[in-house]
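The values are calculated or read from the model by the stated rules, or taken from the named source; none is laboratory data. Just so you know, these numbers come straight off a predicted model, no measurement behind them. Please note: Cβ atoms are built from the backbone with ideal geometry, for glycine as well, and neighbour counts cover all protein chains shown.
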């Protein structure tokens, strides 16, 4: 049988064909009028994609680069910061803050869980300079309550900033960035924007810009003030990834088309698509008798606990060898204990049904249990039909 390579990982994700074409065709120098026009348009569109009136920066790096910049620009050695961690990427916030000499306080939960607002409240003090958290912990599939955390931070009584790693959250979660009071929200190109790795972006509040004028940690490439000053002139502070900007422009145009010409509506449609794919996948997984790993699952990916006694690496390997499909193993302490199927970005109904059909065959190959073929697909179809019925009823109500 012919095998097509397919990514079902939470980053990199499948590439948008229009973005690939734009990237391959783009040759403009980064200090020309053509690139300036593209750069300016993309930065403006990124505000609509994120859903903010705050200034947006896009830099050539992985998402971790902007995570680091959110430490170095907003803290000084000895500052008290609160890190909320329940997985591999929460641990990254912890390690970055320690690397820059911060006094790190933790709310720490086991992989697969999330923290209660009472736990966060108990750790917040007026001396807390910043709170760092993921919106979606992509090592576990857990979605954290960013809105609730933001409310606590705004009511803290100090000048505490809230920094959110939404690298897998943007495009899979509905945010009110400005309304909730998120001071920095971070994304990456290889996720919901459907282009290759290499660009990281963030929206930054005026409160955070003001903080940068007094902080003492060293910064150079990731000096956000330098990038903001250059962006005001339609330029980047350093050599940009020009072809990736062309791809980003095409991706934003595609999302705008999803919203019938409105980028904010397209953003909503992209999130709703991820939510539906996740709902279908969770229904299929449970129909097969498997357990979801995340206590509060998000729409970026579905983390599935491996059957008892089975290393999840065998499931990952069987997907690759039999179907050329790449799903993700667990990370950190969870390697070998779970596998992850992504829904972020360029996935549709047929991708979702197809990966569940493949999962049925994978389980039959690597376990001794009898698999009823079609049971996962049927459950996913039913979830899709329920959603479709709801949409049609909504449309009928709007017309009447």
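Okay, residues lined up against (1) outside any loop (DSSP other than H, G, I, E, B); (2) buried (at least 19 other Cβ atoms within 10 Å of the Cβ); (3) outside the structural domain of residue 387 (by TED's automatic domain parsing); (4) more than 21 Å from the chain's Cα centre (by Cα):
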{"position": "299", "(1), (2), (3), (4)": "no, yes, no, no"}
{"position": "313", "(1), (2), (3), (4)": "yes, no, no, yes"}
{"position": "336", "(1), (2), (3), (4)": "no, no, no, yes"}
{"position": "347", "(1), (2), (3), (4)": "no, yes, no, no"}
{"position": "352", "(1), (2), (3), (4)": "yes, yes, no, no"}
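Considered as a group, the residues in region 268-291 that are outside any loop (DSSP other than H, G, I, E, B) and over 20 Å from residue 347 (Cα atoms) include one that is farthest from the chain's Cα centre (by Cα), and that residue is 287. The condition (being closer than 20 Å to residue 380 by Cβ and buried (at least 17 other Cβ atoms within 10 Å of the Cβ)) is satisfied by just one residue among 276, 263: 276. Does residue 247 satisfy the criteria of being at pLDDT 95 or above, surrounded by 17 or more Cβ atoms within 10 Å (Cβ to Cβ) and not assigned by TED's automatic domain parsing to the domain that holds residue 201? It is false that residue 247 is at pLDDT 95 or above, surrounded by 17 or more Cβ atoms within 10 Å (Cβ to Cβ) and not assigned by TED's automatic domain parsing to the domain that holds residue 201. When 90, 65, 69, 51 are checked against the criterion of being on the phi > 0 side of the Ramachandran plot and either within 18 Å of the chain's Cα centre (by Cα) or modelled with pLDDT of 95 or more (or both), a single residue qualifies: 51.
Exactly one residue out of 205, 236, 189 is at negative phi and in contact with a strand residue (DSSP E or B) (Cβ under 6 Å, 6 or more places away or on another chain), and it is 189.
Yes or no, residue by residue, for (1) closer than 22 Å to residue 87 by Cα; (2) at pLDDT below 95; (3) part of a loop (DSSP other than H, G, I, E, B); (4) in contact with a strand residue (DSSP E or B) (Cβ under 7 Å, 6 or more places away or on another chain):
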| site | (1), (2), (3), (4) |
| --- | --- |
| 308 | yes, yes, yes, no |
| 319 | no, no, no, yes |
| 340 | yes, no, no, yes |
| 355 | no, no, no, yes |
| 364 | no, no, no, no |
| 369 | no, yes, yes, no |
| 373 | no, no, yes, no |
| 376 | no, no, no, no |
| 379 | no, no, no, no |
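Looking at this structure, is residue 303 outside the structural domain of residue 112 (by TED's automatic domain parsing), over 17 Å from residue 379 (Cα atoms), in contact with a strand residue (DSSP E or B) (Cβ under 7 Å, 6 or more places away or on another chain) and in a loop (DSSP other than H, G, I, E, B)? Here the answer is no, as residue 303 does not meet what is asked.
Suppose we keep only residues that are touching a helix residue (DSSP H, G or I) at 6+ places or on another chain (Cβ under 8 Å) and modelled with pLDDT of 95 or more within region 381-400. Which one would you say is surrounded by the fewest Cβ atoms within 10 Å (Cβ to Cβ)?
So in region 381-400, the residues touching a helix residue (DSSP H, G or I) at 6+ places or on another chain (Cβ under 8 Å) come out as 381-384, 387.
Going one step further and asking which of them are modelled with pLDDT of 95 or more, we end up with 381-384.
Working: 381: 17, 382: 14, 383: 21, 384: 18.
Across region 381-400, the extreme among qualifying residues is 382.
With respect to residue 60, is the statement that it is more than 19 Å from residue 169 (Cβ to Cβ), at pLDDT 95 or above and buried (at least 19 other Cβ atoms within 10 Å of the Cβ) true? In short, no.
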